[in-house]
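FYI, it's all coordinate maths here, none of it is from the lab. Computed from a predicted structure; not experimentally measured. We place every Cβ from the backbone using ideal geometry, glycine too, and count neighbours over all the protein chains shown.
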């Protein structure tokens, strides 16, 4: 699988991950590269601030986002004053944050920007809707904060990618995470024919709530896959016992796996599933694996891909 502009054009895509420094912002930069290759001027924003204050104290910083002229982004007024991209303020969001009010801005020239977004799902959805309805951009990328897959379900029609950094020390844990997410995002969407046969859960499915499901229920419906809090083994056991459905499906665009001191062949052996591997983009910038890394396709002048 490769990151291609056609996968993002005219769509809202959330770039998610399970932990800090897992490659979300690196993936965002890679997506912007392929979109710029076909002259698309996207909008991009973050969810919350993702802990940059703590990062500065520890010496860790997220990769910079370099805005290009005509691109739209979301930040706080504190950072609008310091950015060098000559921003034009298009809209001010309702409410305020510890970093001041949030604003949608358009870059007048190239310059580094700091993404700051709303913490609340409904405000993030409002900002995205405003960008699309006003025609400021038709393609939107969202750098999601830690464990924010739930943001995807707040915006109808959105899709998501899931980024991971994998090293030898956490190989087994990350493989389990990939297998579980792959299984969860493939849960069938309820079509109404299940009514009367299944138990509708108001909250999450956990080991504890599993015990409270009526014994005569043929299956269970949850709001979306993010409401399933079972590990891989428990999920498989539950589905052997009864059906599991979601009310709302999420469009999954695949995994972005960034390998650290780990060969691709070793990771593939640990994963042991060619179907799941077909959903993986390997190291978008290819720094960790050398010439075999690949994963980034950039449009050339003739409209093809290099």
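Structure notes:
- Cα centroid separation - the range 72-121 against the range 218-269, whole Å: 35
- Relative to the 2.2 N^0.38 Å rule of thumb, the range 188-246 has a C-alpha radius of gyration ratio of 1.00.
- Modelled this way, with points 7 Å down the Cα-to-C-beta line, the labels at residue 82 and residue 229 are 3.7 nm from one another.
- Least to most buried among 191, 231 (fewest other Cβ within 10 Å first): 191, 231
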